[in-house]
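The block underneath contains the structure these notes are about, expressed in structure tokens.
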Amino acid sequence: MKKLQAPRGTQDVLPPDGRRRLEILRIADDVLGHAGYEPAETPVFEDTEVFARGVGESTDIVQKEMFTFEDKAGRSLTLRPEATAGICRAYIEHGMHKLPQPVKVWYAGPFFRHEAPQAGRFRQFTQIDAEALGSDDPSLDAELILLFDEILERVGVGPRRLRLSSLGTRETRADYLEELKGFLRAREGELSEEVRARIDQNPLRAFDADHPGTQAVMKEAPLLIDRIAGDDAEHFSEVRALLDSAGLEYEIDPTLVRGLDYYTRTVFEVESERLGAQAALGGGGRYDGLIEELGGQPTPGVGWAAGVERMLLAVGEAEGEHEIDVFVAGTGRDAFLLVTRLRSSGFRAQMEQAGRSLKGQLKQADRLGARWTVILGDEIEVKDMNTGDQQRAGSVDDVLGMVGR
Ligand code: HAM
């Protein structure tokens, strides 16, 4: 018989990872909730056009990485590779421009990209995503970046780098790309063959080249950030001033390229210093043209998404901690009633449920990290698992008093 396995690039979440994930979501809810971001959800699959138009036809995501299928009526659907396009589709569909602006939402769930799996890169992964729609106020850009950093700090991902840049408007970017192509063509002879072949399709790649000749040329290349002018420049300097006033450290990286087409103005990415090739814990930016692109009124927006699996990798293995308060070494109705009473009094309690000997039960209590073990025999004994002290309890009521926190 064929051995059944989880599909390539997917993973099963098993204990204790399930709890660690839940803990990250609780932190996100707490941090984002304090700033008025409300939980929201959109479908796991959407009309393919949402992503084709939203994320952009020319991106790797749309060209190569989407799980696209037809439903029985022949409609083209796609498992969501990201969250922003779907939330913008929902904003338009539900007339959310009529609500007080900005509309602030956050959510978490599975996302799908058909990439080559490797450490930190999966075909199904989990993102936490936060978005503020309907205002271009720079305080939203800064607020979202700070909230993201606070979540990462509380999750305990350790040292990280925040890279920040501004892309200006689509027009600024288009003009800049023409300028860059002109510059690269003029220096063609010094470039690697690979970069030369892609001047027209993707001139920005030249900034990432390993080839020494190309690198030397790129040191003199024009930078988009130097072409940002007027309101865009003012917006960016306000975002920076707000981050500075909050004391958050960042690097301006004029070559920061994000893999999605919808960005305008602010873009950012956070990398973990603990992770290897797939080090981006998350990223995002402003997308002031996206809602219009999807058929709505011109509406600004800004947001980010973080990869939950990458956060867990950066945190590393958690320290062992008390999983339960009380283990009841005993079986039958007395034990059952005792755990039930303990639970309804707010204790995390478990009883013996696999037919172990007393010795085996004490070992199990240890494994579960129990703070107390109650041994039900002819007498009731309460063992303090920290000190090893054991005391007799007169009654079940006594037990409840003795295991008080
Ligand atoms: P993104 O940079 O494509 O942005 O993804 C955000 C994060 O999701 C990445 O930094 C990474 O942590 C995680 N991630 C992405 N792909 C994978 C994968 N194959 N395996 C594991 N983790 C992955 C976006 O998705 C934008 N929608 C962010 C955004 C929201 N921009 C504005 N609003």
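The values are calculated or read from the model by the stated rules, or taken from the named source; none is laboratory data. Treat the numbers as computed from the prediction; the structure is a model and nothing was measured. In this analysis, Cβ positions are derived from the backbone assuming ideal geometry, glycine residues included, and neighbour counts consider all displayed protein chains. What goes into the accessible areas is simple: the full protein's heavy atoms, side chains included, and nothing from ligands, DNA or RNA. Shrake-Rupley method; radii C 1.70, N 1.55, O 1.52, S 1.80 Å.
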| said: Go through the stretch 151-163 and report how many residues are part of a loop (DSSP other than H, G, I, E, B) and in contact with an Asp or Glu (Cβ under 9 Å, 6 or more places away or on another chain). | reply: 2
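Considering the stretch 321-339 alone, what residues qualify as being touching a residue at least 12 places away in the same chain (Cβ under 8 Å) and in a helix (DSSP H, G or I)?
Applying the first criterion (touching a residue at least 12 places away in the same chain (Cβ under 8 Å)) to the stretch 321-339 yields 321-331, 334-339.
Once the filter is applied, which keeps residues that are touching a residue at least 12 places away in the same chain (Cβ under 8 Å) and in a helix (DSSP H, G or I), the stretch 321-339 yields Asp334, Ala335, Phe336, Leu337, Leu338, Val339.
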| Yes or no: Val105 surrounded by 13 or more Cβ atoms within 10 Å (Cβ to Cβ), touching a residue at least 60 places away in the same chain (Cβ under 8 Å), more than 30 Å from Arg154 (Cα to Cα) and out of contact with any His (no Cβ under 7 Å at 6 or more places or on another chain)? | no
| request: Give Val239, Val217 a once-over and let me know the one that is open to solvent by less than 20 Å² (accessible area, probe 1.4 Å) and under 30 Å from Leu25 (Cβ atoms). | output: Val239
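Of all residues in the stretch 1-47, which are among the polar types (S, T, N, Q) and either touching a helix residue (DSSP H, G or I) at 6+ places or on another chain (Cβ under 9 Å) or open to solvent by 50 Å² or more (accessible area, probe 1.4 Å) (or both)? Outline the logic, then answer.
Going residue by residue through the stretch 1-47, those that are among the polar types (S, T, N, Q) are 5, 10-11, 42.
The answer is Gln5, Gln11, Thr42.
For the stretch 244-258, which positions are in a strand (DSSP E or B) and over 25 Å from Gly316 (Cβ atoms)?
Taking the stretch 244-258 first, the residues in a strand (DSSP E or B) are 251-252.
The one that is in a strand (DSSP E or B) and over 25 Å from Gly316 (Cβ atoms): Ile252.
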| Residue among Asp136, Asp149, Asp141 that is within 11 Å of the ligand (Cβ to nearest atom), within 25 Å of Thr264 (Cα to Cα) and surrounded by 17 or more Cβ atoms within 10 Å (Cβ to Cβ) | Asp141
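Yes/no matrix, rows are residues, columns are (1) in contact with a His (Cβ under 6 Å, 6 or more places away or on another chain); (2) part of a helix (DSSP H, G or I); (3) in contact (Cβ under 8 Å) with a residue 40 or more places away in the chain; (4) not acidic (Asp, Glu):
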{"residue": "Asp149", "(1), (2), (3), (4)": "no, yes, yes, no"}
{"residue": "Ser165", "(1), (2), (3), (4)": "no, no, yes, yes"}
{"residue": "Arg173", "(1), (2), (3), (4)": "no, yes, yes, yes"}
{"residue": "Tyr176", "(1), (2), (3), (4)": "no, yes, yes, yes"}
| Per-region count, the stretch 259-277, residues more than 7 Å from the ligand (Cβ to nearest atom) and part of a loop (DSSP other than H, G, I, E, B) | 8
| Within the bounds of the stretch 59-70, is there any residue that is without any contact (Cβ under 8 Å) to a residue 40 or more places away in the chain, more than 12 Å from Arg113 (Cα to Cα) and over 19 Å from the mean Cα position of the chain (by Cα)? | yes
| message | Just to be sure I understand, how many residues within the stretch 291-320 are aliphatic (A, V, I, L, M), more than 9 Å from the ligand (Cβ to nearest atom) and either part of a helix (DSSP H, G or I) or crowded, with 24+ Cβ neighbours inside 10 Å (or both)? | response | 5
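Anything in the stretch 361-401 that is assigned to a helix (DSSP H, G or I) and within 42 Å of the chain's Cα centre (by Cα)? List them, or say none.
First, pick out the residues of the stretch 361-401 that are assigned to a helix (DSSP H, G or I): 361-367, 396-401.
Correct list: Gln361, Leu362, Lys363, Gln364, Ala365, Asp366, Arg367, Leu400.
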